[in-house]
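Accompanying notes for the structure given below.
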Amino acid sequence: MPILVLDQLSKSFGALKVADQISFALDEGEALGVIGPNGAGKSTLFNLITGNFRVDSGHIQFDGRDVTRQPPMARCLAGIGRTFQIPQPFEKLTVFENLLVAASFGSNRSEREVGDRCADILVETGLYPKANQLAGSLGLLQRKRLELARALATDPKLLLLDEIAGGLTEGECQELVETIRAIHRRGVSIIWVEHVLNALTSVVGRLVVLHFGRLIGIGDPATIMASREVREIYLGIEV
Amino acid sequence: MTDHVSSAWTVTTRTRGTSVAIALIAVVIVAGFATPFFAPRAVIQDLFFILTMLVLAQCWNLLAGYAGLVSVGQQAFVGFGAYAMFAAVSLLGMDPLLAIVIGGLAALVLSVPTAFFVFRLQGAYFAIGTWVIAEVVRLSLAQWKALGGGTGTSLPSGATRDMPGVRLVADLLHVRGPQATDIVCYWLALVLAIVTIGLIYRLLRSKQGLGLAAVRDNREAARSLGVDPLWTKSFVYLVAALVTGLTGALIYVQKARISPDAAFSVPDWTAYVIFIVVIGGIGTIEGPIVGVIVFYILQNLLADYGSLYLLFLGLLGILIMLFAPRGLWGVFASRSGIQLFPIRRMLAARTDTKND
Ligand SMILES: Nc1ncnc2c1ncn2[C@@H]1O[C@H](COP(=O)(O)OP(=O)(O)O)[C@@H](O)[C@H]1O
Ligand SMILES: [Mg+2]
């Protein structure tokens, strides 16, 4: 059964089409990778799924319900968790408090009920030593970890990850992959936008390729990477 | 580690100085209630002024410092609450104490339609919108002939003397009627200040307080994590209107005379209030407390200089904003680490975990 169904999603900024009739479905428990050159519309696609941007046309179905017209907080409560490509921490709250916000509001529970879970997530994502520091004092890599931790705290059914591996060392990247695998094993569906291909393909079962807002390929990673169109557009620019 | 412990973590907002802070606050409260037993009338009047300004400042701080709603129109609720109280007493013959509650509720009712209007506006437009509303309310009430129109009116003579408790205070403390009225008003102001600060502190320590901070820091992220910015902001706006209206009504019970220009005064109910919050430290409960004391001292030192005094307040406010944006309390708190009203949730691993 699909957890997410995108039906002919379109979005323009002025004359610029950033999403052009995008349709695909994600099965419950599936992990899907999204690739495409910078400016292809990957982050925009996430913003449409989460409701931060409104679609111009098309429909979004999540967990059996049409969420196209719902605001972001309702979609979060329904089970869509996301990270921002450019981290958006609550700078004057501590790292732990950032998670408390996400956990208590994002899963509609009391602060008391979610304290333990937040602490466990901090340990899992390696942020525990920073728990009581202001989020504004974190460096970029830790801010990215905080994005992941905060999204997890909302207890999502679907997790959208936007370029969280960029800038990591080989070892850190391996750690991150392990963390994401563990999340996936718990039954969380994942869509992951990433340029670090070997990290991506070690987690996801299918890849989607975006180019100028259009979906130009979807399928298992080997086939996708072998296709001529993808090699020309994507690898030609990236490598 | 064989046993699974139910919780390995503790979350606390207590800091090292918390016990001292609680004791200090208790002493201030007790001293506050006892003051009328030994202080002269002038001191009681000054303390009444300080306490009511403190409540207004706490409300404005809640709006601007926690919810990011920079209003320059809170005088709408001071004046509307005061006029509603006057109407209830003068026209309906209601007891002034009950009429204060009516004043608060009237301000709350007024805040619902104004919220619909101003929440469509962002930033500077929001501020201008709140001011426009205050002007509209002032001009409308200036048309109310039964309450003296543009020149205003006084409470019926004897209305405040017959308030519950006034006679008792007069007999108990051996003071005359008007002074007893001042004392009752002072105690009400003290209760209002304590309850207001207590409620704000509770709000900030609650889940809604976290939500407010999140929206203030990053609205878009907060929305994506399940926080409803409009709901949190509306809630704060309505609460601030209610308390501001109660305060306005109480102030005018004590003054016993009202006019549209005084009750909707921008300097008295907004400019001074903003000064108090800015100089004390925006976004903290302690800030307005420090600010109101500084403001009172400055006012007494410089009252003879007329408009120069206003100029000086403005300059000082700007200097603080530029060089110490977190105000006097902010500077003190970051140097000393002291907090009277801690709200940080600190996470710690439980040390008494049993692992066999
Ligand atoms: N809020 C916005 N307003 C206008 N243009 C935007 C906005 N967000 C993104 N864009 C444009 O949309 C295109 C796709 O951006 P984005 O989705 O961020 O790409 P990607 O994540 O694939 O690198 C880019 O050309 C970008 O400049
Ligand atoms: Mg992007």
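The values are calculated or read from the model by the stated rules, or taken from the named source; none is laboratory data. The structure displayed is predicted, hence computed values, not measured ones. In this analysis, Cβ positions are derived from the backbone assuming ideal geometry, glycine residues included, and neighbour counts consider all displayed protein chains. For accessibility, only protein heavy atoms count, side chains too; no ligands or nucleic acids. Shrake-Rupley method; radii C 1.70, N 1.55, O 1.52, S 1.80 Å.
Observations
- Counting only helices (runs of 4 or more DSSP H) wholly contained in segment B:1-92, the ones carrying 2 or more residues that are buried (at least 19 other Cβ atoms within 10 Å of the Cβ) occupy B:41-61, B:75-86.
- Within segment A:26-55, considering residues that are closer than 22 Å to B:Ala221 by Cα and surrounded by fewer than 18 Cβ atoms within 10 Å (Cβ to Cβ), the one nearest to ligand 2 (Cβ to nearest atom): A:Gly39
- Of the residues making up segment B:93-111, those that are farther than 15 Å from B:Leu188 by Cα and without any contact (Cβ under 8 Å) to a residue 60 or more places away in the chain number 3.
- A residue that is within 28 Å of A:Lys17 (Cα to Cα) and either more than 8 Å from every other protein chain (Cβ to nearest Cβ) or modelled with pLDDT of 95 or more (or both) can be found somewhere in segment A:87-110.
- Qualifying position, being among the basic types (Lys, Arg), buried (at least 19 other Cβ atoms within 10 Å of the Cβ) and in a helix (DSSP H, G or I), among A:Arg112, A:Arg75: A:Arg75
- Residue list for segment A:71-83, restricted to those being touching a Phe, Trp or Tyr at 6+ places or on another chain (Cβ under 9 Å) and facing chain B (nearest Cβ under 7 Å): A:Met73, A:Cys76, A:Leu77, A:Arg82
- Residues in segment A:78-96 that are under 20 Å from A:Gly139 (Cα atoms), among the β-branched types (Val, Ile, Thr) and open to solvent by less than 20 Å² (accessible area, probe 1.4 Å): A:Thr83, A:Thr94, A:Val95.
- Every residue from segment A:162-176 that is within 14 Å of ligand 2 (Cβ to nearest atom) and either in a helix (DSSP H, G or I) or open to solvent by less than 20 Å² (accessible area, probe 1.4 Å) (or both): A:Asp162, A:Ile164, A:Ala165
- Selection within segment A:177-196 - of a type outside the set (Asp, Glu), within 16 Å of ligand 2 (Cβ to nearest atom) and touching a strand residue (DSSP E or B) at 6+ places or on another chain (Cβ under 9 Å): A:Ile191, A:Trp192, A:Val193, A:His195
- Residue check, A:Ile180 more than 16 Å from ligand 1 (Cβ to nearest atom), crowded, with 21+ Cβ neighbours inside 10 Å, over 16 Å from the mean Cα position of the chain (by Cα) and part of a helix (DSSP H, G or I): no
Yes or no, residue by residue, for (1) within 16 Å of ligand 1 (Cβ to nearest atom); (2) more than 14 Å from every other protein chain (Cβ to nearest Cβ); (3) acidic (Asp, Glu); (4) surrounded by fewer than 22 Cβ atoms within 10 Å (Cβ to Cβ):
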| position | (1), (2), (3), (4) |
| --- | --- |
| A:Leu160 | yes, no, no, no |
| A:Gly187 | no, yes, no, yes |
| A:Ile191 | yes, yes, no, no |
| A:Ala199 | no, yes, no, yes |
| A:Val203 | no, yes, no, yes |
| A:Phe212 | yes, yes, no, yes |
| A:Pro221 | no, yes, no, yes |
| A:Ile224 | no, yes, no, no |
| A:Glu232 | no, yes, yes, yes |
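- If you filter segment A:56-72 down to residues that are touching a residue at least 24 places away in the same chain (Cβ under 8 Å) and either within 13 Å of ligand 2 (Cβ to nearest atom) or closer than 21 Å to A:Ala153 by Cβ (or both), you find that the one that is surrounded by the most Cβ atoms within 10 Å (Cβ to Cβ) is A:Phe62.
- A:Thr223 being modelled with pLDDT of 90 or more and more than 14 Å from the chain's Cα centre (by Cα): no
- Condition met for B:Val227 (open to solvent by less than 10 Å² (accessible area, probe 1.4 Å), within 14 Å of chain A (Cβ to nearest Cβ), touching a helix residue (DSSP H, G or I) at 6+ places or on another chain (Cβ under 6 Å) and not polar (S, T, N, Q)): yes
- Condition check for B:Gly245: assigned to a helix (DSSP H, G or I), open to solvent by 10 Å² or more (accessible area, probe 1.4 Å) and at pLDDT 95 or above: no
- Total residues in segment A:6-45, condition within 8 Å of ligand 1 (Cβ to nearest atom) and closer than 21 Å to A:Gly219 by Cβ: 6
- All conditions in (1) of a type in the set (Gly, Ala, Ser); (2) crowded, with 24+ Cβ neighbours inside 10 Å; (3) more than 30 Å from B:Ser90 (Cα to Cα) hold for B:Gly209, with the sole exception of (2).
- In segment B:122-218, counting only helices (runs of 4 or more DSSP H) that sit wholly within it, the ones holding 2 or more residues that are under 25 Å from the mean Cα position of the chain (by Cα) and closer than 29 Å to B:Pro267 by Cα span B:123-141, B:177-205, B:207-217.
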